[in-house]
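The values are calculated or read from the model by the stated rules, or taken from the named source; none is laboratory data. Model, not experiment: these values are computed from the prediction. When we count neighbours, we look across all protein chains shown, and the Cβ atoms used for this are built from the backbone with ideal geometry, even at glycine.
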Amino acid sequence: MDFNEKLLEIILNNIDEGIHVVDNQGNTIIYNKAMEQIEGFRADEVVGKNLIDLFPNLNESTSTLLTSLKTQQSIVERYQTYLNKKGFNITTVNTTVPVIVDGNILGAIEISKNFTKIKELYDRILELRNNKDNFNEKKEFSDIIGGSAEFLKTIELAKKASKTNSTVLIIGETGTGKEVIARCIHYSSSRSDKPFVAVNCAALPESLLEGILFGTVKGSFTGAINRPGLFEQADGGTLLLDEINSMPVNLQAKLLRVLQEGYIRRVGDVKDIPIDVRIIATTNEDPYTAILEGKLRKDLYYRLSVVNIKIPPLRERKEDIPIFVNEFIKKYNAELIKEVWEVADEVYDGFMSYDWPGNVRELKNYIEGAMNMVTGHILRMEHFAPNVQEVLFKRFNTSLHDIKYNFEIPLDEYLDNIERNIIQAAMEKSNYNVTKAAKMLQIKRQTLQHKLNKYGINK
């Protein structure tokens, strides 16, 4: 075995995707370890054997490898369910590419991702939704925590949206509570006694997501059965499409058609099914940026954003942090049988100076972790995990060596230089917008204007 052959062997046997290569007669020539795990065969049982002999239930129309050989066309992310050697149903998403040299078909390569566990999980969720109407956790606007002016405006807008049947687009960073707002809208609406169904568009590949959304009919692809999709599951109620900006663009076009025409068609079916579903969608990034980057169709955005709700990030409503802290401590006191009555000042200082990129979810997770470590009545800095302490309280851990103050410059002059550099950086980052820079620095606009004059900073 030469170097190139050994290198190929190492690569094939150390990647997560299954690789199956056949010649132009359908006989296997390469079969890696990941594919062994997916299909239950050993490589020595497969190499040299024909596909039809290995999988008697497959044929030229149901096997992606044989179809690619016959049509000499690539098949991208095809959803496939079939029985493996041990008789278990396995679900894969396959990309199959024919190998053509000088116009002659020499074979085909299939790359398979194993989605069996994900498929089983979604099947179980659908089964639970069918058998239990009250499967979803109900939320009301009175359950929502927060009192900042901007957040209260958001809640008022959401309350108004609950009185209509229009589509809603909720914009907010990860962890801001988009699904909570969506649930409140549903359970305060005239559809509250009907299903609320949520799906994360970022969690599944296009071929699997399409079947889950629209349903399938028996025979539409290998292993397909007659099953209603989430649109039918949510009929009369609300369907939440979480992270719509992560939905494949081709599927966005099909969604747009459903919104325009009011009916769906199961995968592989020719019959249209009328549906009455309110759509609430969420995005964790600015929709205009997503449109420019080709992640979100402009026409779908306009269709979804009849009511547009933006949730401010936690860093823009830090006055709500003490409210969240109290609620989370009350929650984990009950769940973990603790008796925490107070939060140390340095903990609150750390909370208030941190930017919270993970928003309320990040705050909740940090408090839960710390509450597990508390033995007394006060939540202190040392109760947080070392990596969390490094993030939240790093300014308390700064030593004189880190500051690099050499005692040759008067302290006032040294601090003025630091302040001047910070203000200069904020002005540059905000493109010299004084209002934005003041907000970044968390000081009043008039205070910043005074300091700009003091240090002679201008564009």
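Side notes on the structure shown:
- Spans of helices (runs of 4 or more DSSP H) in region 22-73 with at least 3 residues within 18 Å of Ile111 (Cβ to Cβ), under 35 Å from the mean Cα position of the chain (by Cα) and of a type in the set (Ser, Thr, Tyr): 64-71
- Count of residues meeting criterion [touching a Ser or Thr at 6+ places or on another chain (Cβ under 9 Å) and within 29 Å of Ser190 (Cβ to Cβ)] in region 244-280: 8
- Contact map, region 412-427: first residue over 17 Å from Ile443 (Cα atoms), second residue aromatic (Phe, Trp, Tyr) and not in a helix (DSSP H, G or I), Cβ cut-off under 7 Å, separation 6 or more or different chains; pairs are Tyr414/Tyr405.
- Of everything listed in (1) more than 27 Å from the chain's Cα centre (by Cα); (2) aliphatic (A, V, I, L, M); (3) not in a loop (DSSP other than H, G, I, E, B), the single unmet condition for Met373 is (3).
- The set of residues from region 1-21 being in contact with an Asp or Glu (Cβ under 8 Å, 6 or more places away or on another chain) and either of a type in the set (Val, Ile, Thr) or in a helix (DSSP H, G or I) (or both) comprises Ile19, Val21.
- All conditions but one from (1) at pLDDT 95 or above; (2) in contact with an Asp or Glu (Cβ under 7 Å, 6 or more places away or on another chain); (3) of a type in the set (Val, Ile, Thr) apply to Ile273; the one that does not is (1).
- Among the residues listed as Asn284, Asn326, the single one being surrounded by 15 or more Cβ atoms within 10 Å (Cβ to Cβ) and polar (S, T, N, Q): Asn284
- Flag if Arg297 is surrounded by 17 or more Cβ atoms within 10 Å (Cβ to Cβ) and either within 24 Å of the chain's Cα centre (by Cα) or modelled with pLDDT of 95 or more (or both): yes
- Some residue of region 307-321 being within 30 Å of Arg227 (Cβ to Cβ), part of a strand (DSSP E or B), touching a residue at least 40 places away in the same chain (Cβ under 8 Å) and not β-branched (Val, Ile, Thr): no
- Annotation: of all residues in region 14-42 being touching a Lys or Arg at 6+ places or on another chain (Cβ under 9 Å) and charged (D, E, K, R), the one that is surrounded by the most Cβ atoms within 10 Å (Cβ to Cβ) is Glu39.
- Qualifying residues in region 418-455 (those that are touching a helix residue (DSSP H, G or I) at 6+ places or on another chain (Cβ under 7 Å) and part of a loop (DSSP other than H, G, I, E, B)) - the one surrounded by the fewest Cβ atoms within 10 Å (Cβ to Cβ): Lys444
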